[in-house]
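Q: Take a look at this one; I'll ask things after.
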Amino acid sequence: MTDVYISPLVERFATSGMKALWSAQKKFSTWRRCWVALAEAEQELGLDISDAQLDAMRAHIEDIDFEKAAAYEKETRHDVMAHIHAYGDVAPEARGIIHLGATSCYVGDNTDLILMREGLELILDKVAATLNRLKLFALEYKDLATLGFTHYQPAQLVTVGKRACLWAQDLLLDGVQLEQHLAALRCRGVKGTTGTQASFMALFNNDEDKVRQLDSLVAAKLGFDASFIITGQTYTRKIDTQILNALAGVGESAHKFGTDMRLLQNRKEVEEPFEKSQVGSSAMPYKRNPMRCERLCALSRFLMTAPLHGVFTTATQWFERTLDDSAIRRLSVPEAFLAADAILNLYLNVMERPKVYPKVIEKHLWEELPFMATENIMMACVQRGGDRQELHEIIRRHAQEAGMRVKEEGADNDLLERLAAEPAIGMTRDEIEALLDVREFVGRAPQQVEEFMREEVDPFLTRHMDRLDATSDVRV
């Protein structure tokens with residue numbers, strides 16, 4: 001459809017699995033599964049619900065007449081009642097027992113929790129697959145020395161693989177948090193209109209044990225180990241905030257990665273994939289813009305604001321519930337999942353085929369390494385009998401002059417030539433260069449990569465071996 005607005009998250013960015021999860025078909029068929037679970041549990045605990053009624057409900061979980069439901073909603077101004085009527089039309093035998101004892105939030109909240117649980121699983125798929133790609137990249141380049149930066153100024157050397165561990169560590173923390181949310185997630189269960197279960201107490205003639213059993217049975221049928229003991233009409237919206245924070249954390253980590261990659265691409269050291277027929281600019285044919293990482297950063301900024309919706313919604317719920325949570329949650333929760341999915345899809349895509357340029361990295365390194373090696377040179381001269389204080393001043397003066405030459409004249413760094421020609425140094429250019437083995441300037445970076453992967457990343461990946469084959473799907 002080209003004559004109505006469609007969210008770009010749906011049209012351009014999110015993957016098919018996540019889009020299907022938040023579709024109308026998935027939502028309302030899950031409502032019907034919730035109604036079936038409730039009716040089954042009520043029958044098992046002695047209410048007068050026949051097998052024929054349950055069979056009729058089960059037979060019509062998927063065949064939703066959306067036009068009829070829309071017509072009912074236009075009439076009733078109530079989406080749950082509209083779908084109760086639409087369900088009853090195709091399962092007339094069960095019309096009288098659909099939604100028995102329940103409030104609208106029984107289907108609405110339980111469905112949202114089911115969808116969020118499945119959404120977290122999809123997000124975890126891509127976190128694990130992306131982290132695995134980062135691991136392979138870090139190990140491959142664990143020894144490749146490169147300039148480190150603090151304040152975006154050249155600092156001590158690191159390695160390309162060690163830098164990738166910074167990205168991996170952030171994503172690992174996100175993955176662990178997603179695991180924790182999945183392990184702790186509960187359903188709303190069956191609690192009635194204000195959370196007291198009064199309607200179910202009435203249905204079961206004040207048999208408290210049966211009402212408690214009903215809650216447990218429904219939770220199990222919906223695939224949860226437990227339900228919330230305490231709710232108002234809704235489960236506490238703080239759960240939304242916590243999950244939105246976990247998703248925003250993915251955006252936070254991805255934005256850091258994307259920004260670093262954009263800076264590296266400017267330096268021509270590491271690039272994101274660039275297709276053979278890809279156009280970087282409509283005006284400048286030579287351009288190789290970091291489109292994926294720019295898009296990743298843009299979507300991450302959108303995602304990082306999502307928890308604000310949860311915070312304000314939770315804070316403004318009056319007593320047992322107000323309906324001003326409904327419209328905002330229809331936007332914020334699905335779109336946060338869609339955004340996180342799109343972001344990780346891009347992240348994974350970049351790490352599937354990153355391009356590293358070791359010669360450029362080496363060139364940039366050697367433009368700065370002479371300055372960083374001055375202390376090593378000074379110590380070598382002292383060991384040959386030189387005066388440390390005199391040598392410090394001589395090297396400082398040459399370093400300043402070489403630095404000004406680079407900045408003012410755009411010339412190459414000639415510090416090593418200057419020092420080789422300085423009588424007080426007393427070393428040839430070859431002898432000085434022998435002190436500049438880059439392996440002596442990266443500290444334990446290669447070993448840190450191996451330790452981090454072995455001790456922290458591998459245990460996580462081992463828990464998610466079935467997720468590591470996930471691949472990206474970047475269409476635009």
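Q: Among the helices (runs of 4 or more DSSP H) contained in segment 284-386, which hold 1 or more residues that are touching a strand residue (DSSP E or B) at 6+ places or on another chain (Cβ under 8 Å) and of a type in the set (Val, Ile, Thr)?
A: 358-372
Q: Looking only at residues that are over 27 Å from the mean Cα position of the chain (by Cα), not hydroxyl-bearing (Ser, Thr, Tyr) and not in a helix (DSSP H, G or I) in segment 1-34, which one is farthest from residue 125 (Cα to Cα)?
A: Taking the candidates together, the pick is 3.
Q: Looking for something touching a strand residue (DSSP E or B) at 6+ places or on another chain (Cβ under 6 Å), of a type outside the set (Lys, Arg) and more than 30 Å from residue 293 (Cα to Cα) - is there at least one such residue anywhere in segment 211-221?
A: Yes, segment 211-221 contains at least one residue that is touching a strand residue (DSSP E or B) at 6+ places or on another chain (Cβ under 6 Å), of a type outside the set (Lys, Arg) and more than 30 Å from residue 293 (Cα to Cα).
Q: If residue 101 satisfies all but one of (1) farther than 28 Å from residue 337 by Cα; (2) in contact with a Ser or Thr (Cβ under 6 Å, 6 or more places away or on another chain); (3) assigned to a helix (DSSP H, G or I), what's the number of the condition it fails?
A: (3)
Q: Condition (residue is among the aliphatic types (A, V, I, L, M), free of Cβ contacts under 8 Å to residues at least 24 places away in the same chain, outside any loop (DSSP other than H, G, I, E, B) and touching a Lys or Arg at 6+ places or on another chain (Cβ under 9 Å)) applied to segment 50-71: is it met by at least one residue?
A: No.
Q: Checking the condition surrounded by fewer than 16 Cβ atoms within 10 Å (Cβ to Cβ) and either more than 28 Å from the chain's Cα centre (by Cα) or at pLDDT 95 or above (or both), which residue from 369, 338, 331 passes?
A: Residue meeting the stated conditions: 331.
Q: Mind telling me which of the residues 131, 113 ends up being hydrophobic (A, V, I, L, M, F, W, C), more than 19 Å from residue 454 (Cβ to Cβ) and in a helix (DSSP H, G or I)?
A: Criteria check complete, one pass: 113.
Q: Mind counting the residues in segment 190-216 that are in a helix (DSSP H, G or I) and either in the same structural domain as residue 40 (by TED's automatic domain parsing) or among the hydroxyl-bearing types (Ser, Thr, Tyr) (or both)?
A: Qualifying residue count for the region: 2.
Here is a yes/no grid of residues against (1) at pLDDT 95 or above; (2) touching a Cys at 6+ places or on another chain (Cβ under 9 Å):
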| position | (1), (2) |
| --- | --- |
| 254 | yes, yes |
| 279 | no, no |
| 282 | no, no |
| 302 | yes, no |
| 305 | yes, no |
| 311 | yes, no |
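Q: Same structure again: Only one of these is over 24 Å from the mean Cα position of the chain (by Cα) and either crowded, with 22+ Cβ neighbours inside 10 Å or not in a helix (DSSP H, G or I) (or both): 229, 239. Name it.
A: After applying the criteria, what remains is 229.
Q: Which condition number does residue 114 fail, the rest of (1) farther than 30 Å from residue 183 by Cβ; (2) in contact (Cβ under 8 Å) with a residue 40 or more places away in the chain; (3) buried (at least 18 other Cβ atoms within 10 Å of the Cβ) being met?
A: Every listed condition holds for residue 114 apart from (1).
Q: Name every residue in segment 148-190 that is over 30 Å from residue 104 (Cα atoms), hydrophobic (A, V, I, L, M, F, W, C) and surrounded by 21 or more Cβ atoms within 10 Å (Cβ to Cβ), in order of residue number.
A: Listed by number, the residues that qualify are 157, 158, 160, 164, 165, 167, 168, 171, 172.
Q: If we keep just the residues of segment 217-226 that are out of contact with any Ser or Thr (no Cβ under 6 Å at 6 or more places or on another chain) and part of a helix (DSSP H, G or I), which is surrounded by the most Cβ atoms within 10 Å (Cβ to Cβ)?
A: The extreme case among them is 218.
Q: Taking segment 407-435 on its own, how many of its residues are out of contact with any Leu (no Cβ under 6 Å at 6 or more places or on another chain) and touching a residue at least 24 places away in the same chain (Cβ under 8 Å)?
A: 10
Q: State which residue is surrounded by the most Cβ atoms within 10 Å (Cβ to Cβ) when the search covers only segment 1-27 and only residues that are over 15 Å from residue 337 (Cα atoms) and β-branched (Val, Ile, Thr).
A: Per the stated criteria, the residue is 6.
Q: If we scan segment 81-96, do we find a residue that is within 35 Å of the chain's Cα centre (by Cα), farther than 29 Å from residue 232 by Cβ and in the same structural domain as residue 23 (by TED's automatic domain parsing)?
A: Checked segment 81-96: no residue is within 35 Å of the chain's Cα centre (by Cα), farther than 29 Å from residue 232 by Cβ and in the same structural domain as residue 23 (by TED's automatic domain parsing).
Q: If you check residue 427 against the conditions, is it assigned to a loop (DSSP other than H, G, I, E, B), out of contact with any Phe, Trp or Tyr (no Cβ under 7 Å at 6 or more places or on another chain) and farther than 21 Å from residue 157 by Cβ?
A: Considered against the rule, which asks whether it is assigned to a loop (DSSP other than H, G, I, E, B), out of contact with any Phe, Trp or Tyr (no Cβ under 7 Å at 6 or more places or on another chain) and farther than 21 Å from residue 157 by Cβ, residue 427 comes out as yes.
The values are calculated or read from the model by the stated rules, or taken from the named source; none is laboratory data. Keep in mind that this is a model prediction, so the values were computed, not measured. A quick note on method: Cβ atoms are made from the backbone with ideal geometry, for glycine too, and the neighbour counts reach across all protein chains shown.
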